[in-house]
1. With charges only on Cβ, +1 for K and R and -1 for D and E, what is the dipole size of the stretch 239-328 about its Cα centre, in debye, rounded to 20?
2. Exposed loop GluC sites (Glu not before Pro) only (DSSP loop, at most 10 other Cβ atoms within 10 Å): please give the longest stretch of the chain free of them, not including the sites.
3. Want the number for PHE109 to SER431: 0.36 nm per residue separation, take away the alpha-carbon distance, what's left?
4. Can you give the longest stretch of the chain with no exposed loop site, where a site means trypsin sites (Lys or Arg not before Pro) in a DSSP loop (not H, G, I, E or B) with at most 16 other C-beta atoms within 10 Å?
5. In Å and on Cα atoms, what radius of gyration and Dmax does the stretch 181-242 show?
6. What are the residues whose amide H is under 5 Å from the amide H of LYS143, where those residues sit 5 or more places off or on another chain and H is modelled from the backbone?
7. Which of LEU228, LEU296, LEU392 has the fewest other C-beta atoms within 10 Å, and how do the rest follow up to the most?
8. Helix 266-282: angle to the longest alpha-carbon principal axis of the chain, degrees 0 to 90, nearest 10?
Amino acid sequence: MFSRTRFFDFSQKVNYKTEILAGITVAMTMMPESLSFAILAGFPPLVGLYAAFIMGLVTAIIGGRPGLISGGAGAIVVVLIALMQAHGIEYVFAAVALAGVVQILVGVFKLGKFIRLVPQPVMYGFVNGLAVIIFMAQLEQFKTVVNGETTWLAGQPLMIMAGLVALTIAVVVFFPKITKAVPPSLAAIIVVFFVVLGFGIDTKTVSDIASVSGGFPPFHIPNVPLTLETFKIILPYAVIMAGVGLTEGLLTLNLVDEITGTRGNGNRECVAQGTANILNGFFFGMGGCPMIAQTLVNLSAGARARLSGIVAALTILLIILFGAPIIGLVPMAALTGVMIMVAVGTFEWVSFKIINKMPKQDIFVGILVAVITVWLHNLALAVLIGVIISALVFAWESAKRIRARKYIDDKGVKHYEIYGPLFFGSVTAFSEKFDVTDDPLEVIIDFKDSRVADMSAIEALSKLTERYHKVGKKLHLKHLSEDCRVLLTNAGDVIDVNIYEDPTYRVAIDNHNVKIKL
């Protein structure tokens with residue numbers, strides 16, 4: 001499917017120190033997030049870490065582009081919570097594996113290219129909404145549980161948490177001015193770790209979330225009945241999970257393309273995600289997809305190759321196997337500060353600078369996508385709504401552009417020169433431009449500067465031809481495509497199609513299933 005050199009990127013120049021340090025930094029920020037999502041869904045904590053390891057390793061090796069980081073993402077977990085509550089974790093594993101199959105099929109049939117239909121305002125809304133979500137998620141670290149109720153920190157614990165977060169942000173901002181030998185995010189985590197350890201500061205650590213100690217992911221066939229009823233239960237969740245994962249993944253891939261100035265392979269990323277999720281289903285993982293926050297951490301650390309993703313995944317595995325006692329002491333304040341800076345870096349601040357130069361409908365779409373992303377935490381739904389609204393706006397604007405230039409030549413023939421696309425949105429305005437009653441006996445419609453785009457346009461031409469025919473007048477259609485000429489053959493000698501100067505575009509309908517009756 002892919003050449004060996006290109007598949008493993010052997011030709012790419014790799015800065016090994018940068019890649020390794022970036023991978024370690026990514027692992028540090030990914031672990032608490034994966035643990036939190038697993039606990040939120042009611043999974044055993046290690047299920048989240050296994051997903052981070054499996055997704056990260058597989059997609060780093062065979063994914064659609066270097067630098068992209070995958071793991072146990074919250075967008076995926078949200079989809080599976082209801083299934084977990086209704087049927088248990090075994091059905092979750094089965095649904096994750098089935099979602100992987102769906103994702104592989106999307107990649108094999110090369111459907112990943114449709115992500116190109118996402119307009120720039122939707123991308124702005126997606127990224128800005130996600131940045132707000134990342135920031136808001138960090139505020140949860142300023143809460144604690146007292147007598148079974150979640151409350152905000154107060155007094156000394158709040159001051160300690162805020163101070164350590166501020167220290168982390170300061171290190172991230174100013175450390176690159178001292179040296180760029182170590183990623184600033186990793187330097188910040190190390191500095192805050194030793195400050196807390198050296199001064200014996202009492203603050204929340206990774207071990208307060210959950211234990212990260214365990215063994216290698218065990219092979220496990222989902223214990224569900226192999227029946228049609230089981231398939232009906234897990235299929236809706238699997239399809240939604242696959243769609244959410246691919247949407248977030250391919251949008252993240254596009255974002256990385258813009259940052260790095262390179263081009264990834266969306267279909268290959270679909271196959272990689274699917275493969276990783278199938279393995280998740282059989283190795284105790286909760287499934288996942290590319291994670292934009294960790295990807296940006298990786299890129300900001302200077303990583304551009306696949307090695308950083310491999311190192312991040314292997315680091316997580318080594319921590320599970322051997323490093324849990326040390327990693328459990330890492331202050332959550334350090335990770336919170338790093339993620340706040342990620343949120344700041346993720347936000348498209350340039351969108352504020354160009355907002356006065358953007359069309360009003362684009363501003364509306366961008367804000368709407370951001371609001372839906374933040375409100376519902378459903379990235380796929382937000383993007384889908386944004387694309388639909390953008391498409392409707394485009395159709396409306398295109399429909400208003402159709403116009404006709406009219407004149408009668410010296411032979412008494414009336415000409416209608418059409419400008420603008422003829423499609424479902426413009427057929428009404430098109431039909432209103434003709435004066436069938438008062439037109440001469442012979443009329444020519446010239447489509448040289450127009451195009452017939454869909455079945456609605458063909459039907460409009462058919463009805464217009466019939467109107468002229470009923471009053472004993474002859475209508476000629478010029479510069480139609482070959483496909484349109486074939487579709488209008490049933491109109492007989494009433495329609496005269498100029499086939500010598502036709503353009504070569506194709507009409508997006510099935511010739512064999514369309515018949516025009518006059």
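FYI, it's all coordinate maths here, none of it is from the lab. Just so we're clear, the structure is a prediction, and the values are computed from it rather than from any experiment. A quick note on method: Cβ atoms are made from the backbone with ideal geometry, for glycine too, and the neighbour counts reach across all protein chains shown.
1. Roughly 200 debye for the stretch 239-328.
2. Result for the longest clean stretch: 1-431.
3. Additional length available on full extension: 112.0 nm.
4. That would be 264-399.
5. Rg, Dmax (Cα atoms, Å): 21.8, 60.
6. Under 5 Å from the amide H of LYS143: LEU153.
7. LEU228, LEU392, LEU296
8. 50 degrees
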